[in-house]
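Since every read-out is calculated from the coordinates, none of them should be taken as a lab result. None of the values given here were measured: they were computed from a predicted structure. For neighbour counting, all protein chains shown are included, and Cβ atoms are generated from backbone atoms with ideal geometry for every residue, glycine included.
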Amino acid sequence: MDSGPGTSKSAENSEVIYSKISTEFQNDIIKETLRSRLKDTKTKISEEAIELMKELARVIVVESAIRAAKQASIQHNSIVSLHNVETMLLQLMLDFP
């Protein structure tokens, strides 16, 4: 995420935010999303794989929200706008290829 001088406070703030956010993805949504990308429709998806994908989706969603909020804060806005999301999206895509 952030690097350079003074980022430990930023990292601590992010950890506090992560610990306070609760989000949940439904197993069937994750399963159908994975199935839509598979060529072989008979491929089975284990519960462990679904749980791992749920956690990955949660991390990406929370990280996106935090980055968009930081972008809004930099621009002295108290509301996150689509522009804030678009601004951080390229870097997010590079960080989560």
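Just a few scattered comments:
- Here the chain is assigned +1 on the Cβ of each Lys and Arg and -1 on the Cβ of each Asp and Glu. Its dipole about the Cα centre then comes out at about 240 debye.
- Using C-alpha pairs below 8 Å separated by at least 6 residues, the relative contact order for the chain is 21 percent.
- In plain terms, the residue of His76, His83 with the fewest other Cβ atoms within 10 Å comes first and the most crowded comes last, giving His76, His83.
- Each other residue within a Cβ distance under 13 Å of Thr87 adds +1 if Lys or Arg and -1 if Asp or Glu, for a net charge of +1.
- Spin-label model, Glu55 to Ser73: label points 7 Å out along the Cα-to-beta-carbon direction sit 2.7 nm apart.
- Look at the dipole of the chain built from charges on Cβ: of Ala57, Ser78, Ser36, the Cα furthest out on the positive end belongs to Ser36.
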